[in-house]
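The structure under discussion appears below in the form of structure tokens.
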């Protein structure tokens, strides 16, 4: 009798989370004569970022998907659920377990993922972008339709009996709505999968719980090397970037993850508007996926998962929800400052690409990166100071102003001054800075425009 844990993703990278538990039941499996070990997959995420990682999504799965009995989901983000239709496409027919909110959000994520993959493949074939004879999606809408009926609901704190002496229990992780740490017990011992963990200061969700101990604990550590210190004035750097951009007549673009990060950004903007820290400019959410997610966050059935008072009604925002392509295109002709929130958060796809292509060349505009940017993504390229980005099959020059991080020490400021003359308007990300003041370093071109009165 033995229990084996195998990492199929989420190791040496922050994406593609998949952990396989193989359990040999004592005395075999009497209800499954001739069957092999019980196989339980914890999370089933897509690899994202660098091309070599994305290619791994196309490789044969390390074990036969048909041999997997159950999938346990910590939460609904793509890097934890996005491979599910591919798993089903290749033979998985077991149960997929997660909280009610995880199920609802996963359906949104998977439908959107399949739609974008089909659309991108069609676009690449139409315009000859693909290096292959024919671009294909990783999976299709039909594969998602076969996946959703396999999903089963679980409750926090209530042990799920998976048979053969195996139990799984979900505990709140405070990362996104429905997110959980999962503790699995087997006849051989216990394993705790933390999933992605939220900060105790999450502005919308209840704080994460501390689950019972386990023999083995797998802890998410994307930010394991940094300490998040709360500023004296929350989001002041964000507010300052908005005020500065609006004063120049520009607009602010916020690439945001459709699930949770959009809600957090909206809550932050509403708070800043209520306090008069940002000007009263219109706010557009241009992401159908994010809007569907917002509806779930606002649902009365999910009120118990939210902090007291965090109902996301956003009374202080001039909020407009954009659902159609035609509504999205009208943002191109606004002519006045605005805040645009659009997916995806790492600029890997979605409507945000069109906004980046339009807004990046204008130095009056500002792009605010509010989440983790994986290596190999366009968001990471921006954070690293890219001179241009490949967007929609063409190279787009980067000339705008970018707020990315904080700086406090002279050596950081000196580096920023150097970058002013070498990389146009950019703020570098300094992950080791404990706290600091926002520095704005204008480019020579922008200074010239100001001197000539072109921006005022």
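The values are calculated or read from the model by the stated rules, or taken from the named source; none is laboratory data. Please read these numbers as outputs of a predicted model, since none were measured by experiment. Quick reminder, even Gly has a Cβ in these numbers, built from the backbone with ideal geometry, and neighbours come from all protein chains shown.
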Say whether the condition of being in contact with a helix residue (DSSP H, G or I) (Cβ under 6 Å, 6 or more places away or on another chain) and part of a loop (DSSP other than H, G, I, E, B) is met by at least one residue in the stretch 245-254. no
Please verify whether residue 230 is in a loop (DSSP other than H, G, I, E, B) and either within 24 Å of residue 77 (Cα to Cα) or at pLDDT below 95 (or both), treating the condition exactly as stated. yes
Here the residues within the stretch 274-312 that are more than 18 Å from residue 259 (Cβ to Cβ) and surrounded by 21 or more Cβ atoms within 10 Å (Cβ to Cβ) are 278, 283, 284
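Residues checked against (1) modelled with pLDDT of 90 or more; (2) within 22 Å of residue 124 (Cα to Cα):
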{"site": "327", "(1), (2)": "yes, no"}
{"site": "330", "(1), (2)": "yes, no"}
{"site": "333", "(1), (2)": "no, no"}
{"site": "339", "(1), (2)": "yes, no"}
{"site": "346", "(1), (2)": "no, yes"}
{"site": "350", "(1), (2)": "no, yes"}
{"site": "354", "(1), (2)": "yes, yes"}
{"site": "358", "(1), (2)": "no, yes"}
{"site": "361", "(1), (2)": "no, no"}
Determine if the stretch 30-51 includes at least one residue that is surrounded by fewer than 21 Cβ atoms within 10 Å (Cβ to Cβ), in contact (Cβ under 8 Å) with a residue 60 or more places away in the chain, in contact with a strand residue (DSSP E or B) (Cβ under 8 Å, 6 or more places away or on another chain) and closer than 26 Å to residue 185 by Cβ. yes
Out of (1) crowded, with 18+ Cβ neighbours inside 10 Å; (2) more than 26 Å from residue 8 (Cα to Cα), the odd one out for residue 191 is which? (2)
If you take the residues in the stretch 51-77 that are modelled with pLDDT of 95 or more and assigned to a helix (DSSP H, G or I), which one is farthest from residue 91 (Cα to Cα)? 67
Might you check whether a residue that is at pLDDT 95 or above and in a helix (DSSP H, G or I) occurs anywhere in the stretch 150-173? yes
Flag for residue 11 being modelled with pLDDT of 95 or more and not in a strand (DSSP E or B): no
Give 105, 138 a once-over and let me know the one that is within 16 Å of the chain's Cα centre (by Cα) and either in a strand (DSSP E or B) or more than 26 Å from residue 163 (Cβ to Cβ) (or both). 105
Could you pull out the residue among 133, 126 that is in a loop (DSSP other than H, G, I, E, B) and over 23 Å from residue 260 (Cβ atoms)? 133
Consider residue 202 carefully, then state whether it is touching a helix residue (DSSP H, G or I) at 6+ places or on another chain (Cβ under 7 Å) and over 16 Å from residue 102 (Cβ atoms). no
Given the stretch 308-385, what strands (runs of 3 or more DSSP E) lie entirely inside it while holding 2 or more residues that are outside the structural domain of residue 206 (by TED's automatic domain parsing), in contact (Cβ under 8 Å) with a residue 24 or more places away in the chain and under 26 Å from residue 111 (Cβ atoms)? 319-322, 339-342
Has the stretch 262-281 got any residue that is over 30 Å from residue 363 (Cβ atoms), touching a helix residue (DSSP H, G or I) at 6+ places or on another chain (Cβ under 7 Å), assigned to a helix (DSSP H, G or I) and in the same structural domain as residue 398 (by TED's automatic domain parsing)? yes
